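The next block holds one structure in the form of structure tokens; read it before the comments.
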Amino acid sequence: MHTTRASLLVRIKDPNSTAAWSEFRDLYAPLIYRYARRRGLSRDDADDVRSECYKAIVQQIRTFDYDKTKGGFKAWLRTMVDRRVIDLFRKKREQQANSGALRRIEDVNPSPDEVWENEWRHQHLKHCVEQVRGEVSRSTFQAFSMVVIEGRPVAEACDELGMTPNQVYKAKARTLRRVRNRMAEFGCQDVAGD
């Protein structure tokens with residue numbers, strides 16, 4: 001079932017809407033976890049951040065007002081996740097400082113803004129591709145997957161799928177167009193694959 005982000009946020013305001021909460025969790029739990037990991041947290045700490053954020057979302061979503069002019073859900077979620085990541089880092093620094101183990105480490109990692117944007121886009125792209133998978137024929141999706149996702153040559157897709165190059169290119173273009181349309185609904189642009 002296709003749901004725009006705004007309508008999903010309206011549906012999860014009902015705590016008994018298990019379908020909406022399941023869709024929400026499938027879309028945003030991996031994003032929160034990967035972002036926390038990319039910020040440098042351990043698996044356990046990233047799991048904790050994800051759990052804490054999910055609890056906070058359940059508590060706060062009923063009063064959340066979806067307004068893109070105020071930054072919208074993306075900014076609200078990012079702020080929530082950042083606060084928990086920073087709190088964890090602060091606690092760890094305090095523990096290290098108290099133990100005398102704190103030392104200067106050069107930060108060569110991408111900025112939190114870059115990490116968040118990359119993870120946001122990646123998770124929404126993955127979600128959109130999965131939605132489109134159910135909308136096109138199996139062979140069309142296989143051709144798209146082989147050429148775009150796996151990066152395999154068109155000739156290899158033709159041999160494996162018994163398709164002509166023209167059929168593979170059309171399958172790729174049709175599926176990519178659908179994915180781009182889905183991504184645009186989330187406000188994400190520039191899907192690779194041309």
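The values are calculated or read from the model by the stated rules, or taken from the named source; none is laboratory data. Because the structure is a prediction, the values reported are computed rather than measured. Heads up, the Cβs are rebuilt from the backbone with ideal geometry, glycines too, and the neighbour counts pull from every protein chain shown.
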Query raised in the report: Of everything in region 11-39 that's surrounded by fewer than 16 Cβ atoms within 10 Å (Cβ to Cβ) and over 16 Å from the mean Cα position of the chain (by Cα), which residue is farthest from E117 (Cα to Cα)?
Result: N16
**Report entry** Total residues in region 137-151, condition buried (at least 17 other Cβ atoms within 10 Å of the Cβ) and out of contact with any Cys (no Cβ under 9 Å at 6 or more places or on another chain)
**Finding:** 8
Query raised in the report: Which of the following residues is at pLDDT 85 or above, of a type in the set (V, I, T) and over 19 Å from the mean Cα position of the chain (by Cα): V148, V136, V179, V108?
Result: V136
